[in-house]
Amino acid sequence: LRTIMRLSIGKKINIAITLISLVSLAIGFIILRVYEMEATQKVHWEFAHTLQDKVDIELDAKKDVGISNAVSIANDTRISDALRQADRSGALVALKNLSQSLNKSTPFKNVKVHIHNAQSHSFARSWKLDKYGDDLSTFRHSVLKVNKTQQAINTFELGKAGLSLRSVVPVMDSEGHVGSLEFMQGMNSVAKSFHSQKDAFLLLMDKRASRVKQFNTDVQFGKHYIISQKFVEPTFLTDAKSINLDDLRQSQMVLSEKYLYSYKDIKDFRGKKIGMVLIASPLSKVNAAIEILQEQTQVTLFMLITL
């Protein structure tokens, strides 16, 4: 203490400045670490929300395509005439020509079209030509609703073929309502779109919401879900099976060793949950964004501290 008292005023000031600088640096380091943690969390949530928004955009686009095509096909007089006259051969010819036209001039190569009569019985399928007459009214709620109200419905729905997007519209002729038609779409194109942007998309059907009891174990995902798309990137699928879906539902976003995950519930037109979309971005992509934000934060804090 005596030594310090004997120091010149100049030296005392220098010591005080040094101590203040050291304290400032310590405080700055702590602030930097806090900001880096906040920046990391911010990037994680931005990626999760971006993935969710991409799902909405892609699915809305698929719905627009589905309803416009369903209406266009339903307006074909060959379809309405076939239903009015109970002429399946006429409907099958129309569906065959339709499939050839779609394959030739559109991106839709494996679209399924299903025609139903006014009693909600299957009339003609574009993919199973010999299967018809089955009563759909007990489990195809969209078909039953459209035939009762003559109002179009655009919805995800479970069927014997699994979970798919179905655009169901009424079929009318000059005398009135004769049945309904659905334009069915899978999610392969959406999965491929995500993959092209280095992300991942997986449509999962909830077995608990389905009346089907036997499933192919090759497409089972976890305890309660079935994969409802054909295109799946193997590395992503292996990693995805390691995450806990209950934890994901609770926290909205989880990290694995390779991916950042989020999800969107899939509901039918009645608001019933029938599945979910698992969505992910590779951590290499996420961490690159974090590094850029951290560098910006470090530069900003350095400038504040040195001013």
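The values are calculated or read from the model by the stated rules, or taken from the named source; none is laboratory data. Keep in mind that this is a model prediction, so the values were computed, not measured. In this analysis, Cβ positions are derived from the backbone assuming ideal geometry, glycine residues included, and neighbour counts consider all displayed protein chains. The accessibility values were calculated without ligands, DNA or RNA, using every heavy atom of the protein model including side chains. Shrake-Rupley method; radii C 1.70, N 1.55, O 1.52, S 1.80 Å.
Here are some notes:
- Tally of residues being within 15 Å of PHE221 (Cα to Cα) and either surrounded by 18 or more Cβ atoms within 10 Å (Cβ to Cβ) or in contact (Cβ under 8 Å) with a residue 24 or more places away in the chain (or both) across the range 174-208: 7
- Condition check for ARG166 on (1) out of contact with any Lys or Arg (no Cβ under 6 Å at 6 or more places or on another chain); (2) over 24 Å from LYS207 (Cα atoms); (3) not in a helix (DSSP H, G or I): one failure, at (2).
- Contact annotation: residue pairs with Cβ atoms under 8 Å, 6 or more positions apart or on different chains, pairing a residue in the range 41-61 that is surrounded by 13 or more Cβ atoms within 10 Å (Cβ to Cβ) with a partner that is of a type in the set (Phe, Trp, Tyr) and part of a helix (DSSP H, G or I), are LYS54/PHE194; GLU58/PHE194.
Residues checked against (1) modelled with pLDDT under 95; (2) in contact with a strand residue (DSSP E or B) (Cβ under 9 Å, 6 or more places away or on another chain); (3) within 18 Å of SER142 (Cβ to Cβ); (4) part of a helix (DSSP H, G or I):
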site	(1), (2), (3), (4)
ALA26	yes, no, no, yes
GLN52	no, yes, no, yes
VAL55	no, yes, no, yes
ASP81	no, yes, no, yes
LEU95	yes, yes, no, yes
GLN100	yes, no, no, yes
PRO107	yes, no, no, no
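- Across the range 219-229, not a single residue is classified as under 15 Å from ASP199 (Cβ atoms), at pLDDT 95 or above and surrounded by 12 or more Cβ atoms within 10 Å (Cβ to Cβ).
- Scanning the range 120-132 for residues that are surrounded by fewer than 18 Cβ atoms within 10 Å (Cβ to Cβ) and outside any loop (DSSP other than H, G, I, E, B) turns up just one, HIS121.
- Test: SER89 is in a helix (DSSP H, G or I), of a type in the set (Gly, Ala, Ser) and closer than 24 Å to ASP130 by Cβ: yes
- Pair list, Cβ < 8 Å and 6+ apart or interchain, from the range 133-152 residues that are open to solvent by less than 30 Å² (accessible area, probe 1.4 Å) and of a type in the set (A, V, I, L, M, F, W, C) to residues that are modelled with pLDDT of 95 or more and assigned to a helix (DSSP H, G or I): LEU136/VAL143; LEU136/LEU144
- Selection status of LYS207, of a type in the set (Lys, Arg), over 17 Å from LEU95 (Cβ atoms) and touching a helix residue (DSSP H, G or I) at 6+ places or on another chain (Cβ under 7 Å): no
- Total residues in the range 238-297, condition part of a loop (DSSP other than H, G, I, E, B) and without any contact (Cβ under 8 Å) to a residue 40 or more places away in the chain: 8
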